[in-house]
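Everything below concerns the one structure shown next.
The values are calculated or read from the model by the stated rules, or taken from the named source; none is laboratory data. Note that the coordinates shown come from a computational prediction; the quantities given were computed from them, not determined experimentally. Cβ atoms come from the backbone with ideal geometry, glycine included; neighbour counts cover every protein chain shown. Areas reflect the complete protein model, heavy atoms only, side chains present, ligands, DNA and RNA absent. Shrake-Rupley method; radii C 1.70, N 1.55, O 1.52, S 1.80 Å.
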Amino acid sequence: MKVTIGDCVIELVQGDITEQDTEAIVNAANEELIPGGGVDGAIHRKGGPAILKELREKYTRCPTGEAVITGGGNLKAKYVIHTVGPIYKDGKSGEPELLRKAYENSLKLALEYGISSISFPSLSTGAYGYPIEEASIIALSTVIEFLKKHKAPDLVRFVLWGEKNYKAFEKT
Ligand code: ADP
């Protein structure tokens, strides 16, 4: 499904983030920037060793809520923005604010690099355990606010893994 916010588009698709042809894709990384499972593992596998090499050369770590950027290696995307969402405890330990920051700082980097289209996975909702409904509200409201304020990027695509995740975002 598609929603327009001014001249910008938010798109929801069910699929694999590593297949996206947007200028940037976002990785659900960890603070150590060490390739793990889930989205992170898939991006490093398909993107090849150039991504990890660049991460090691430029950055030591990435605190939760922050974001860093590398090239896309063998991926279709020119850039990978690596951000770290919070590990979910009880929803009252600052997780909503940190999740909001992870989306916002990724979008700020996109703006800084003049990136016109970007794909996000549903950050924190895999290994980090964030309930998908709560996470989808934060993800979508943060993107909508950002697009209203900055009028860029032109396209923000959420790439949801499996029908349950897609349906949750669609409902929100
Ligand atoms: P986190 O550690 O931030 O929870 P995960 O990678 O474990 O990150 O999961 C984040 C979300 O990405 C989950 O909803 C998971 O189902 C989904 N996911 C896993 N693999 C892919 C993929 N290849 N493309 C898009 N989403 C994916």
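Semi-axes of the equivalent ellipsoid of the range 44-91: what are they in whole Å, largest first, if each equals the square root of 5 times a C-alpha gyration tensor eigenvalue?
23, 13, 9
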(message) Taking just the alpha-carbon atoms of the range 1-157, what radius of gyration and Dmax come out, in angstrom?
(response) 14.3, 39
(request) Sticking with the crude label model, points 7 Å out along Cα→Cβ, report the distance from Glu112 to Ile144 in nm, one decimal please. (result) 2.8 nm
(request) Can you spot the lysines whose alpha carbon is less than 27 Å from Lys148's alpha carbon? Ignore those fewer than 8 places along the same chain. (result) Lys2, Lys78, Lys101, Lys108, Lys167, Lys171
(request) Express the Stokes-Einstein translational diffusion coefficient of the range 95-172 in µm² s⁻¹, to the nearest whole number, given a Kirkwood radius over alpha-carbon pairs, 4 °C and a viscosity of 1.567 mPa s. (result) 102 µm²/s
(message) From the protein chains alone at 1.4 Å, what is the descending order of accessible area for His44, His82, largest first?
(response) His44, His82
